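Asker: Dropping a structure here in structure tokens format, bear with me for questions.
The values are calculated or read from the model by the stated rules, or taken from the named source; none is laboratory data. Computed from a predicted model, the values in this text were never measured in an experiment. Positions of Cβ are backbone-derived with ideal geometry, glycine not excepted, and every protein chain shown enters the neighbour counts. Side chains included, ligands, DNA and RNA excluded: accessible areas come from the protein's heavy atoms. Shrake-Rupley method; radii C 1.70, N 1.55, O 1.52, S 1.80 Å.
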Amino acid sequence: MSLPTQRILVPVRGGDLAVFQYGNGSGDPVLLIHGVTSSNRAFQLFADSLIARGKAPFAVDLRGRGDSNSLPAPFGMKQHAEDMAAVIDHFGWKNPDVIGHSMGGFVTAALVGLYPEKVGEVVFADGGVPLPMPPGMTVEQIMPFVLGPAMTRLAMEFENNEAYRDYWKPQPAFVKGWSPILDEYVDYDLRGKKAATNPQAVEDDSRDLFGDDLIVNSLKGLKKVSKFIKAERGLQNEEGGLYPMPVLEAVLPAYPKLKLEFLADCNHYDMFLEATGAEKVAHIIYGDKK
């Protein structure tokens, strides 16, 4: 079931954005937004869990990624939010739920901040909350630490799918085991000999992840309680996670409408790319299957 059933091209600034329907499209639409160098294929398993709950999942390839990788600048959260609003309008949806993972959480924040009348419930999955800058550091200084591994990968060439899979397989995030879902995830990302993501998009987008006014004001202005799901472990399966609890305890009081949900025994990747993780996330948001 896990592959998309249909690809829809939505006109946006500069060209067409690729949107992928999972399942037969019946049920309440849910818009799924992936992370900084990811794609719609991050949500294969999660889509199955949503379909089992009577939902109709639609996952985008953000501008500069996947099948939307030829879309031009500008990038940044404001532009991604405009693109997502165009998707909602294109389908004629009335207030769909929006779930954003990692950087997709920041896109979700920008979307609900700029177009609150277009969205229903919003969920931030291990993303969307700006991390405080280390004292005395600028965005320019911190970017290489945040983006280093991703930018290295985007610059590399891989002979074929097998070589690209071999690059991914030893990553500590996949400690629970490799799977056909992960094969599909990485195969989809390889275009010729390089990863699909436009490096300029990554660089431009990442500037908005550290206390950008649009994101901060959007989260402060949330009108209803919205879930923020914190994965227990981080991008490298490390303890503490991308959002260590002491950091969250310091920043969450500024956003009174965010409700912290703790996702045990999952890391930043396998919360969606591994079956038990994806099912747990779906259960946190929507409860038991229908």
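Asker: Of the residues that make up the range 39-50, is at least one surrounded by fewer than 21 Cβ atoms within 10 Å (Cβ to Cβ) and either modelled with pLDDT of 95 or more or closer than 30 Å to PRO74 by Cα (or both)?
Answerer: yes
Asker: State all residues of the range 166-196 that are part of a helix (DSSP H, G or I) and open to solvent by 50 Å² or more (accessible area, probe 1.4 Å); if no residue qualifies, say none.
Answerer: Within the range 166-196, ASP166, TYR167, PRO172, PRO180 qualify.
Asker: Return the only residue of LEU219, LEU260 being more than 19 Å from LEU32 (Cα to Cα) and either part of a loop (DSSP other than H, G, I, E, B) or among the hydrophobic types (A, V, I, L, M, F, W, C) (or both).
Answerer: Within the list LEU219, LEU260, the selection yields LEU260.
This table checks each residue for (1) within 20 Å of ASN267 (Cα to Cα); (2) more than 21 Å from the chain's Cα centre (by Cα); (3) at pLDDT 95 or above.
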site	(1), (2), (3)
GLU159	no, yes, yes
SER179	yes, no, yes
ASP189	no, no, yes
ALA195	no, no, yes
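Asker: Name the one entry in SER70, SER26 that is open to solvent by 10 Å² or more (accessible area, probe 1.4 Å), over 21 Å from TYR188 (Cβ atoms), of a type in the set (Ser, Thr, Tyr) and in contact with a strand residue (DSSP E or B) (Cβ under 7 Å, 6 or more places away or on another chain).
Answerer: Testing whether each residue is open to solvent by 10 Å² or more (accessible area, probe 1.4 Å), over 21 Å from TYR188 (Cβ atoms), of a type in the set (Ser, Thr, Tyr) and in contact with a strand residue (DSSP E or B) (Cβ under 7 Å, 6 or more places away or on another chain) leaves just SER26.
Asker: Okay, next question. Out of all the residues in the range 1-48, which are in a strand (DSSP E or B) and closer than 18 Å to VAL123 by Cβ?
Answerer: ASP28, PRO29, VAL30, LEU31, LEU32, ILE33
Asker: Across the range 263-280, which residue is nearest to the chain's Cα centre (by Cα) among those that are closer than 15 Å to GLY105 by Cβ and in a helix (DSSP H, G or I)?
Answerer: PHE272
Asker: Now for a separate question. Within the range 197-216, how many residues are assigned to a loop (DSSP other than H, G, I, E, B), within 26 Å of SER68 (Cβ to Cβ) and open to solvent by 10 Å² or more (accessible area, probe 1.4 Å)?
Answerer: Qualifying residue count for the region: 3.
Asker: Scan the range 219-251 for residues that are open to solvent by less than 50 Å² (accessible area, probe 1.4 Å) and farther than 21 Å from VAL146 by Cβ and report the count.
Answerer: 3
Asker: Follow-up. Kindly list the number of the only condition in (1) assigned to a loop (DSSP other than H, G, I, E, B); (2) open to solvent by 60 Å² or more (accessible area, probe 1.4 Å); (3) among the polar types (S, T, N, Q) that fails for THR152.
Answerer: (1)
Here is a yes/no grid of residues against (1) in a loop (DSSP other than H, G, I, E, B); (2) among the β-branched types (Val, Ile, Thr); (3) within 13 Å of the chain's Cα centre (by Cα):
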{"position": "LEU62", "(1), (2), (3)": "yes, no, yes"}
{"position": "LEU71", "(1), (2), (3)": "yes, no, no"}
{"position": "HIS80", "(1), (2), (3)": "no, no, yes"}
{"position": "ASP83", "(1), (2), (3)": "no, no, no"}
{"position": "ASN95", "(1), (2), (3)": "yes, no, no"}
{"position": "ILE99", "(1), (2), (3)": "no, yes, yes"}
{"position": "LEU131", "(1), (2), (3)": "yes, no, no"}
{"position": "PRO135", "(1), (2), (3)": "yes, no, no"}
{"position": "GLN141", "(1), (2), (3)": "no, no, no"}
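Listed here are the residues, each with its yes/no results for (1) farther than 13 Å from PRO11 by Cα; (2) touching a Ser or Thr at 6+ places or on another chain (Cβ under 9 Å).
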| residue | (1), (2) |
| --- | --- |
| GLY54 | yes, yes |
| ARG65 | yes, yes |
| ASP83 | no, yes |
| ASP97 | yes, no |
| GLY104 | yes, yes |
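Asker: Would you mind stating whether ALA109 is open to solvent by less than 10 Å² (accessible area, probe 1.4 Å) and within 20 Å of SER206 (Cβ to Cβ)?
Answerer: yes
Asker: So which residues in the range 281-290 are open to solvent by 80 Å² or more (accessible area, probe 1.4 Å) and in a helix (DSSP H, G or I)?
Answerer: HIS283
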